[in-house]
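First comes the structure, then the notes that go with it.
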Amino acid sequence: MSEQARRRPPKPHRRPKKDPVRMLAFEVLRAVDERDAYANLVLPPLLRKAREKEGFEARDAALATELVYGTLRRQGTYDAIIAACVDRPLREVDPPVLDVLSLGAHQLLGTRIPPHAAVSATVELARVVLGEGRAKFVNAVLRKITRQDLDAWLAEVAPPYEEDAEDHLAVVHSHPRWVVSALWDALGGGRAGIEALLEADNERPEVTLVARPGRATVEELAGAAETEPGRWSPYALRLTDGGEPGAIEAVRESRAGVQDEGSQLVAIALANAPLDGPDTRWLDGCAGPGGKAALLGALAAERGAALLASEKQPHRARLVERALAGNPGPYQVIAADGTRPPWREGSFDRVLVDVPCSGLGALRRRPEARWRRRPEDLDGFAPLQRGLLTEALRAVRVGGVVGYATCSPHLAETRVVVDDVLKKTGGAELIDARPLLPGVDRLGDGPDIQLWPHLHGTDAMYLALIRRTA
């Protein structure tokens, strides 16, 4: 080294530049990993704060949202690709490092961000949140990922379909293998159907509004935002501009709400079910957080019926109260355990139990749930689901109808539960739910209903309608 070089002062250390959008996305991913948080609950308040303090514009919020949900949906695929680019098992990579790598992989393989910009921005994020040393590791891994596009990587890391169909689909469509198997069993059919379903699970869901009858109209909502009519529900509208539902006056006042169209159809089908005898007392036995209860309450009010909304968890019962506030007909909200109910047997004409479940029908909205759930979780839900349905059948009078609903298509949470309870209780029969949703096609062989994201554009809601006969 020359004397001049030795005398040259060292380059000043460059302070990493913070990117508010990617910092926010990283913060959400860490909350999901560390606290088992749900992105759809963590992200909105952070975006509101960023608008106020960071001056986030609509495009910033859109990018942050895409980075969070895209990374979570494709986590399994990106894990397989990252594993092919590191020299150690993924379990030995620190979780924060893996989150940064996943964010970078999504920008490289799942967005239109130019590769050089994706690598540069992700390495800069690594410098801020991980330090210079681990940022070099992130840089090296991401540069390996840039060598191929997504299709080429999938051809390398996914086993051939002919050798292991379920594992191939799990890697290509980023679902745990056991979930692929369960969904395939519930759906039936060949490769085309399951691939369409798994692809739909990875699409960004539309925001659907419900105009609660007697409180708001679809015309009012259409005039307050850019919308398209719902596909199936007469009370549904789909937001088309990516706007904030909370900016709509009717939503702020709980006269309307955000509710998937599949959830609306469950309430509509129960309300339309034919009864023998009076129709004045309705029960929502698992009412939290209140979407179905609010629609049921509005439909009941149109007929002069009263709704009792019961929810075991007090904080969720308060959400139900908020959703029902201002309902035009009589209603009551209580905190009660539906498996040990305070009401007398045969007290109600219509009963809905939308039971706690694995949530495999809402993976579009809660993509992290696919990685959080385990097959053994279903064993934990099974006694509760059977208990709630058994008590619902006791709560309804002879001639009345019970709706058993889940946001899961898993057979162990749907038909198996219904069949088991009907065998044990007696005095009840399934009724065909399909004619109660006129215009909705591809509902299967009945008498129960299974909705699908790829067929109906809804969450994978299940509904069985049961009439008490004795």
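The values are calculated or read from the model by the stated rules, or taken from the named source; none is laboratory data. As the structure is a prediction and not an experimental result, all values here were calculated from the model. Virtual Cβ from ideal backbone geometry, glycine too; neighbours counted across all protein chains shown. Accessible surface is based on the protein model in full, side chains and every heavy atom, while ligands, DNA and RNA are left aside. Shrake-Rupley method; radii C 1.70, N 1.55, O 1.52, S 1.80 Å.
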*At what distance in nm do the modelled label points of Gln313 and Arg112 sit from each other, each positioned 7 Å from its Cα along Cα→Cβ?*
4.0 nm
*Taking amide H positions as placed in the peptide plane 1.01 Å from N, state which residues far from Ala306 in sequence (5 or more) or on other chains have amide H under 5 Å from it.*
Arg281, Trp282
*With a/c under 1.5 counting as rounded, go ahead and sort the stretch 280-359 into rounded, prolate or oblate using the C-alpha gyration tensor (a ≥ b ≥ c being the square roots of the eigenvalues; past the cut-off, prolate if a/b is larger than b/c, else oblate).*
oblate
*What residues qualify as long-range amide H neighbours of Val333, i.e. H under 5 Å apart, gap of 5 or more or another chain, H built at 1.01 Å from N?*
Ala309
*Based on the mean of other beta carbon atoms within 10 Å per residue, what is the order of 385-398, 142-155, most packed first?*
385-398, 142-155
*Select from the stretch 134-173 those GluC sites (Glu not before Pro) which occupy a DSSP coil region and have at most 12 other Cβ atoms within 10 Å, ordered by residue number.*
Glu162, Glu163
*Exactly which trypsin sites (Lys or Arg not before Pro) in the stretch 89-128 are in a DSSP loop and have at most 14 other Cβ atoms within 10 Å?*
Arg112
*P(r) of the stretch 55-105 in 5 Å steps, Cα pairs, percent per bin?*
4, 20, 27, 20, 12, 9, 6, 3, 0
*For labels at Asn40 and Asp432 in the simple 7 Å Cα→Cβ model, what's the distance in nm?*
3.3 nm
*To the nearest 20 debye, what charge dipole does the chain have about its Cα centre, counting +1 at the Cβ of each Lys and Arg and -1 at the Cβ of each Asp and Glu?*
1800 debye
*Jot down the per residue volume, in cubic angstrom and as a whole number, of the convex hull over the alpha-carbon atoms of the stretch 24-65.*
57 Å³
_Mean shadow area of the chain over all directions, Cα convex hull, nm²_ = 25.9 nm²
*Apply the Karplus parameterisation 6.51 cos²θ - 1.76 cosθ + 1.60, with θ equal to phi minus 60°, to every residue of the stretch 364-371 and state each ³J(HN,Hα) to the nearest whole Hz, in sequence, with x for glycine and proline.*
5, 8, 10, x, 5, 4, 5, 8
*Relative packing of peptides 369-378, 439-448, 320-329 - highest average C-beta neighbours within 10 Å first*: 320-329, 369-378, 439-448
*Antiparallel %, DSSP beta bridges [both residues in the chain], to 5*: 55 percent
*Please list the non-local residues whose amide H lies under 5 Å from the amide H of Asp354, H modeled 1.01 Å from N, same-chain partners needing a gap of 5 or more.*
Gly285, Cys286, Ala405
*Find the percent of Cα-Cα distances in the stretch 397-470 that exceed 18 Å, and round it to a whole number.*
39 percent
*With +1 on each Lys and Arg Cβ and -1 on each Asp and Glu Cβ, how big is the dipole of the stretch 188-319 about its Cα centre, in debye rounded to the nearest 20?*
600 debye
*Roughly what would the spin-label model give for Ser347 and Asp164, points 7 Å off Cα along C-beta, in nm?*
5.3 nm
*Give me the accessible area per residue for the chain, probe 1.4 Å, as a whole number in Å².*
46 Å²
*When the accessible area of the chain is split by element with a 1.4 Å probe, what percent falls to carbon and sulfur?*
49 percent
_Spatially close lysines, pair count over the chain: Cα under 21 Å, gap of eight or more or interchain_ = 9
*Would you calculate a helix-derived [θ] at 222 nm for the chain, using -39,500 (n - 2.57) for each DSSP H run of n ≥ 4 and dividing by the full residue count, to the nearest 500?*
-14500 deg cm²/dmol
*Tail weight of P(r) past 28 Å, computed on alpha-carbon pairs of the stretch 190-348, percent*: 27 percent
*Within the stretch 121-142, which residues have the backbone N less than 14 Å from the label spot 7 Å out from Arg88 along Cα→beta-carbon, could you tell me?*
133-138, 141
